[in-house]
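Here is the structure we will look at.
The values are calculated or read from the model by the stated rules, or taken from the named source; none is laboratory data. Owing to the predicted nature of the structure, the values given are computational and were not obtained by experimental measurement. Note that we place each Cβ from the backbone using ideal geometry, even for glycine, and neighbour counts take in every protein chain shown.
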Amino acid sequence: MYRDYYCGETNEKMIGEVIELSGWVNKRRDHGGLLFIDLRDRSGLIQVVFDPEKLSESDIHWNQIRSEWVIQVKGLIQSRPRGTENLNLSTGKIELLAQEYTVLNISKTLPFELSDYKEETDEYIRLKYRYLDLRRANKYQVLKLRHKVVKYIRDYLDEQGFLEVETPILIKSTPEGARDFVVPSRNNPGQFYALPQSPQQLKQLLMVSGVDKYFQIVKCFRDEDPRADRQPEFTQLDLEMSFVTQEDVLNLTEKMFIGLVQSVAPSKSINSPFERLNYDLSMELYGSDKPDLRFEMKIKDFTTQSKNNQFKVLADTVGNGGVVKGLVAPNGNNYSRKQIDSLVEYVKALGGSGLIWIVLEDDPKSANQDFEFKSIVKKYLDSDFVKNIGKLSDANIGDMILLVAGENKKTLEILGNLRNKLGKDLNLYDKNDLKFCFITDFPLFEWDEERSKWTSSHHPFTMPHDEYISDLKNDPSSIRAYCYDLVANGSEIASGSIRIHKKELQEEVFSILGYSKKETNELFSQLLNSFEYGAPPHGGIAPGIDRIVMLLAGTDNIRDVIAFPKTQSGFDPLFESPSNLTADQLKELGITVEKP
Ligand code: ASP
């Protein structure tokens, strides 16, 4: 009744046809006596011409049509007059000459312009009117991409014999290292459900049931401190498999991601196979467990060369048990002094004591390709030392060596951040490159300084490497686990592990984590009990859907890939939520609110 085609589907083959279209008025141009509008729907635009001579008498109000009105038009598809074609538009060679129209609804002036390129409007306003913001073509394209990603994954896993199983949202605490969102139970005053931080225990229980290969595209909820790239609720592809080793999970994940990118984002280039790096090596070479492998720039260790150095800063650092490590910025001689100073400030802001920079220069007097160098601390530096570290790091004339001295972990962290900054500043990669890698063998535990206790690096259900199992308590910090992350272009995309499936081992891990017997029982008895009834070896992984779509859409803003996101502080400007409950609701729930 409303239309024969989508606007963007019309084409030159239809010239001469009388058709009906419906959509929004994207833009109107009044050419005195003639009105041109672009009619828009989710598929694109077509130009519609209102010529009063061609319209019936009842359509005399044509000139009142305004932007964002919803109209239905019947008319003739014709070629645009020569010279007026718009080759940027798929329908740019044709137009619809209106014969009849109906106004289906009118619209107030929108609170902001819809042009794809004019997004400077305050994001809060755009979120408050998200239904309007989503009218933009680029926003629709992201929704479509997300749909395709999820469809590809569902089809792929279905072919591989996986079963999609839904698990409850009203459940009990499922720790993944964040706070729980809770829901009060009216029938049980004072008692609460917790929303799942992930379906971790549920998917493990499904393995005990013999489901064997499970997946779910599922909402997870984590009450964490606000951060730009986080949302309190987000979507995971949660998957779990029985009778598998780490290799089986990684291979399946790798095949799925390569197929996914080739199918839904063919313009991106993706590496194959994915590099695999263990955690310790990744920290050593890239100063991060999320290395961006689109560019090389590995961290070099110059500690040995800095021992007994004539430059006291270096010698003292090593003498006090510290390290001297560095990076080579290719063509760093292009950096201005101001830019170099800002790198020094950057390192200081990260807690470093300073940054030593050395620019390698040609030595015109030397016959055997020796080099000279420039540095603000040149007078303290021995030229043999500079030559030595220049060779060790394969630096060329024109490159800049950057050194950080200090405690090992902190130094690596600083260099890891600096490496990412240099990669970006120096344009060391192509925007269309996707470089995936698996980081494996994470530590099982981390020491939490603040709370003076061990915490899980991932979650408490992770299986330690076999050689540590007989003596977990001896040195928890040394234990490595069958635990892995999938990383792409410097972002964590997925995290997973082989799980513990024996009760005694799981109980021992809980005890190292500081859970009393009573707490263990209250929180985890369902899982521990299930392990007494023949739990198979199992493992899995959970890629973040939002992260995948961000990567493929090329955005750093997680709110771009979620239809109705919350602000960074977890507020929903559209529904104005969270909000108060009525006094009656609170009474019914047995809740009294104490405002801070
Ligand atoms: N449940 C884990 C997470 O949400 C993923 C996994 O281990 O499968 O990070």
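Write out, first by first residue and then by second, each pair whose Cβ atoms fall under 8 Å of each other, whose residues are 6+ apart or on separate chains, and whose first residue, in segment 491-512, is among the acidic types (D, E) while the second is away from the ligand (no atom under 16 Å from the Cβ) and in a strand (DSSP E or B).
none
Kindly check whether there is at least one residue in segment 85-107 that is within 35 Å of the chain's Cα centre (by Cα), closer than 30 Å to F571 by Cβ and among the hydroxyl-bearing types (S, T, Y).
no
Test of understanding: among P543, P537, P578, which residue is away from the ligand (no atom under 16 Å from the Cβ) and of a type outside the set (S, T, Y)?
After applying the criteria, what remains is P578.
Suppose we keep only residues that are β-branched (V, I, T) and either assigned to a strand (DSSP E or B) or away from the ligand (no atom under 16 Å from the Cβ) (or both) within segment 505-531. Which one would you say is modelled with the highest pLDDT?
Once the filter is applied, the top-ranked residue is I512.
Name the residue that is surrounded by the most Cβ atoms within 10 Å (Cβ to Cβ), counting only residues in segment 167-203 that are among the small types (G, A, S) and within 15 Å of the ligand (Cβ to nearest atom).
So the residue we want is S198.
Here's the yes/no breakdown for (1) at pLDDT 95 or above; (2) more than 11 Å from the ligand (Cβ to nearest atom); (3) charged (D, E, K, R):
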residue	(1), (2), (3)
L206	yes, yes, no
G210	yes, yes, no
K213	yes, yes, yes
E224	no, yes, yes
E233	yes, yes, yes
D238	yes, no, yes
F243	yes, yes, no
N251	yes, yes, no
I258	yes, yes, no
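Could you list, in sequence order, the residues of segment 542-578 that are part of a loop (DSSP other than H, G, I, E, B) and buried (at least 20 other Cβ atoms within 10 Å of the Cβ)?
I562, P565, K566 - these are the residues of segment 542-578 that are part of a loop (DSSP other than H, G, I, E, B) and buried (at least 20 other Cβ atoms within 10 Å of the Cβ).
Restricting to strands (runs of 3 or more DSSP E) lying wholly in segment 420-504: which have 1 or more residues that are within 12 Å of the ligand (Cβ to nearest atom)?
453-456, 483-488, 491-498
G398 - would you say it is small (G, A, S) and surrounded by fewer than 19 Cβ atoms within 10 Å (Cβ to Cβ)?
Yes; evaluated as a whole, the condition is true for this residue.
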